[in-house]
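Enquirer: One structure is given below, represented as structure tokens, and several questions about it will come after.
The values are calculated or read from the model by the stated rules, or taken from the named source; none is laboratory data. Predicted model only: the values in this text are computed from it and were never measured. Every residue, glycine as well, gets a Cβ built from its backbone with ideal geometry; the counts of neighbours run over all protein chains shown.
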Amino acid sequence: MGRFVSFTLNGKPVRVYVEDNEILLNTLRYKLGIKSAKYGCGIGECGACTVLVDGRAVLSCLTLTTEVEGKEVLTAEGLGTPERLHTIQKAFAEHAAVQCGYCTPGFVMTAAALLKENPNPSEEEVREYIRGNYCRCTGYYNIVKAILAAAKELSGEA
Amino acid sequence: MTFKVSPGPKLDINKANTHILPPFTLIEPGSLKELLEVKAKYGEKAAILAGGTDLLVKMKLRILEPEYVISLKKVRSELSGIRREGDEIVIGAATLLRDIELNDSIMRLAPALFDAVIVMGGVQIRNMGTIGGNLGNASPAADTAPPLLVHSASVKLLSTSGERIVPLEEFFTGPGRTVMRPDEIIYEVRLKALGKGCGSAFMKIARTAFDLAKISAAAMICVEDGVIKEAKVAVGSAAPTPVRARSAEDALVGKAPTPETFLEAGKAARNDISPIDDVRSTAWYRRRVIAPLLHDVLQKALGRIGV
Ligand SMILES: Cc1cc2nc3c(=O)[nH]c(=O)nc-3n(C[C@H](O)[C@H](O)[C@H](O)COP(=O)(O)OP(=O)(O)OC[C@H]3O[C@@H](n4cnc5c(N)ncnc54)[C@H](O)[C@@H]3O)c2cc1C
Ligand code: FES
Ligand code: FES
């Protein structure tokens with residue numbers, strides 16, 4: 001069985017036919033041209049598939065696409081573009097918070113949710129907030145640094 | 001020499017990942033009445049989908065393959081919310097863990113529950129997972145259970161044949177099992193707000209910040225004139241279900257709230273648990289660590305009295 005689902009993706013309305021058992025990560029990647037959200041574990045453990053739904057960080061690997069009917073979905077593509085990077089994306093690049101890059105879009109989206117809720121987080125608050133995102137390369141140090149730098153810049157302190 | 005390049009199989013979107021969902025028919029009831037009707041109709045063949053953080057994982061791992069999945073999506077607002085009713089706090093079954101964390105009356109009136117939700121998963125899991133799902137999944141490691149037990153919680157179940165209120169202590173019957181009938185749903189959770197002179201707390205021991213508990217404990221104590229008047233203790237991941245530790249409670253009431261009393265109570269709790277060796281820990285470790293764990297959680301609850 002399947003059905004049509006309508007939602008907003010990165011600011012644009014989309015309407016897409018999905019199977020009942022289709023997960024958002026697959027709809028985004030295979031039907032809507034989104035490549036940022038990644039398939040890491042598929043069972044909620046790694047955060048590589050993190051997207052924002054109505055501003056909240058959720059795991060697209062554990063979300064049925066039908067559940068986002070009428071909602072706003074934001075991925076890294078909607079946060080910034082290669083020509084016009086979002087401050088968080090730029091900070092990740094500038095602070096070498098990226099090695100293989102597989103985990104990066106997930107971290108960037110989680111960081112975007114954090115900085116909207118808490119524009120001036122402490123290092124501890126950053127570490128706490130990103131604990132559902134795994135990185136197997138960087139050791140987190142530069143990721144935390146990048147998020148703190150982005151926070152400073154966004155709140156006009158840098 | 002030419003190589004023949006195989007075009008490969010056509011990509012089936014639902015098989016694009018290794019963890020794929022088995023097929024099912026999705027039902028999205030538009031009202032509470034309709035929800036109860038479809039649950040009554042399909043019973044055990046249907047699974048309720050709240051946040052999906054337990055259900056979809058189990059389906060991907062083929063632990064569960066329900067024929068029907070009933071989404072709470074359209075009845076969420078009816079099933080969500082936190083409100084005060086006299087000395088009780090009422091939490092709708094579909095209330096997100098994150099909304100419990102962000103609600104400041106929970107921090108004040110049920111601090112043990114606050115302690116539990118903030119250590120559950122990462123922020124994404126708390127933005128998806130619900131309190132009803134945590135109880136419905138009935139894991140011995142369900143982190144909301146010990147705090148709810150010490151706050152004398154009960155669960156309101158609904159079906160087409162009416163409602164019933166079950167004390168949480170009688171709700172779990174084994175790992176993944178509850179007293180819920182196949183036609184019933186969890187409607188709300190009711191717990192007692194902290195009284196005057198009382199404090200509560202929860203702690204868990206886990207391998208990483210993100211992991212399920214090796215063992216967890218919650219405590220609620222009330223102190224009057226330097227003596228413990230009332231005590232409730234509950235332990236998670238140390239028996240087939242989350243359990244009250246009555247021996248620990250007996251060792252507390254009537255005593256002064258000192259570290260010695262707390263450690264004795266912790267040792268007494270060994271009579272209340274039946275831990276096993278499993279993937280997360282061993283029975284030996286759980287039996288040993290329960291004493292200092294209870295000491296710490298009682299100390300934390302004590303520190304909250306009057307604040
Ligand atoms: C990476 C990860 C980390 C996790 N960490 C923790 C943790 O630290 N501590 C912890 O306790 N849990 C943890 N969990 C488990 C899970 O997130 C929680 O148990 C969560 O509260 C489940 O809620 P849900 O809404 O997602 O439930 P769902 O998966 O939607 O449902 C769970 C079960 O309850 C049933 N159900 C749901 N709502 C109702 C209802 N209203 N009436 C009747 N039945 C219902 C469903 O049919 C299903 O059987 C974790 C899970 C993951 C994937
Ligand atoms: S792919 Fe979603 S959490 Fe790992
Ligand atoms: S940069 Fe490789 S996993 Fe994070």
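Enquirer: What are the residues in the range B:39-67 that are under 23 Å from residue B:161 (Cα atoms), touching a residue at least 12 places away in the same chain (Cβ under 8 Å) and either in the same structural domain as residue B:180 (by TED's automatic domain parsing) or out of contact with any Phe, Trp or Tyr (no Cβ under 8 Å at 6 or more places or on another chain) (or both), if any?
Expert: The answer is B:39, B:40, B:43, B:44, B:48, B:49, B:50.
Residue-wise test of (1) within 13 Å of ligand 3 (Cβ to nearest atom); (2) crowded, with 19+ Cβ neighbours inside 10 Å; (3) not β-branched (Val, Ile, Thr).
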| position | (1), (2), (3) |
| --- | --- |
| A:80 | no, no, yes |
| A:88 | no, yes, no |
| A:103 | yes, yes, yes |
| A:108 | yes, yes, no |
| A:129 | no, yes, yes |
| A:134 | yes, yes, yes |
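Enquirer: Within the range B:121-179, which helices (runs of 4 or more DSSP H) (wholly inside it) include 2 or more residues that are surrounded by fewer than 20 Cβ atoms within 10 Å (Cβ to Cβ) and within 14 Å of chain A (Cβ to nearest Cβ)?
Expert: none
Enquirer: Okay, moving on. Residues that are buried (at least 19 other Cβ atoms within 10 Å of the Cβ) and within 11 Å of chain A (Cβ to nearest Cβ): list the strands (runs of 3 or more DSSP E) wholly contained in the range B:13-89 that include at least 1 such residues.
Expert: Result: B:25-27, B:46-49, B:68-71.
Enquirer: While we're looking at this one, here's another question. Do you know which residues across the range B:269-307 are among the aliphatic types (A, V, I, L, M) and farther than 16 Å from residue B:215 by Cβ?
Expert: Result: B:301, B:302, B:305, B:307.
Enquirer: I'd like to verify a number: residues in the range A:45-73 that are of a type in the set (Gly, Ala, Ser) and buried (at least 24 other Cβ atoms within 10 Å of the Cβ), how many?
Expert: 4
Enquirer: Another question, then. Considering only residues of the range A:124-158 that are of a type in the set (Lys, Arg) and within 16 Å of ligand 2 (Cβ to nearest atom), which is farthest from the other protein chains (Cβ to nearest Cβ)?
Expert: Among those residues, the one meeting the criterion is A:136.
Enquirer: Further, regarding this structure: I need the helices (runs of 4 or more DSSP H) fully contained in the range A:11-122, keeping only those with at least 1 residues that are more than 14 Å from chain B (Cβ to nearest Cβ) and over 14 Å from the mean Cα position of the chain (by Cα).
Expert: A:87-94
Enquirer: Right, here's the next one. Any idea how many residues of the range B:203-220 are among the aliphatic types (A, V, I, L, M) and within 11 Å of residue B:112 (Cβ to Cβ)? Break it down stepwise before answering.
Expert: Taking the range B:203-220 as the starting set, the residues that turn out to be among the aliphatic types (A, V, I, L, M) are B:203, B:205-206, B:209, B:212-213, B:215, B:217-220.
Narrowing further to those that are within 11 Å of residue B:112 (Cβ to Cβ): B:203, B:217-220.
Number of matching residues: 5.
Enquirer: Mind telling me which of the residues B:152, B:159, B:139 ends up being within 25 Å of residue B:290 (Cα to Cα), over 12 Å from the mean Cα position of the chain (by Cα) and touching a residue at least 60 places away in the same chain (Cβ under 8 Å)?
Expert: Values: B:159 fails: within 25 Å of residue B:290 (Cα to Cα); B:139 fails: over 12 Å from the mean Cα position of the chain (by Cα).
B:152 is the lone residue from the list that is within 25 Å of residue B:290 (Cα to Cα), over 12 Å from the mean Cα position of the chain (by Cα) and touching a residue at least 60 places away in the same chain (Cβ under 8 Å).
Enquirer: Among the residues of the range B:95-120, count how many are touching a helix residue (DSSP H, G or I) at 6+ places or on another chain (Cβ under 7 Å), at the interface with chain A (Cβ under 10 Å from one of its Cβ atoms) and in a helix (DSSP H, G or I).
Expert: 2
Enquirer: Quick check on this structure: which one of B:208, B:261 is free of Cβ contacts under 8 Å to residues at least 12 places away in the same chain, out of contact with any Gly (no Cβ under 9 Å at 6 or more places or on another chain) and outside the structural domain of residue B:120 (by TED's automatic domain parsing)?
Expert: Unique residue meeting the criteria: B:208.
Enquirer: Kindly list the number of the only condition in (1) assigned to a loop (DSSP other than H, G, I, E, B); (2) without any contact (Cβ under 8 Å) to a residue 40 or more places away in the chain; (3) within 16 Å of residue B:150 (Cα to Cα) that fails for residue B:241.
Expert: All conditions are met except number (2).
Enquirer: Conditions first: (1) within 16 Å of ligand 1 (Cβ to nearest atom); (2) in contact with a Leu (Cβ under 7 Å, 6 or more places away or on another chain); (3) of a type in the set (Gly, Ala, Ser). Residue A:37 passes all but one, so which condition is the exception?
Expert: Residue A:37 satisfies every listed condition except (1).
Enquirer: I need the full set of residues from the range A:77-112 which are within 15 Å of ligand 2 (Cβ to nearest atom) and either in contact with a strand residue (DSSP E or B) (Cβ under 7 Å, 6 or more places away or on another chain) or not assigned by TED's automatic domain parsing to the domain that holds residue A:140 (or both), in order please.
Expert: A:106, A:109, A:110
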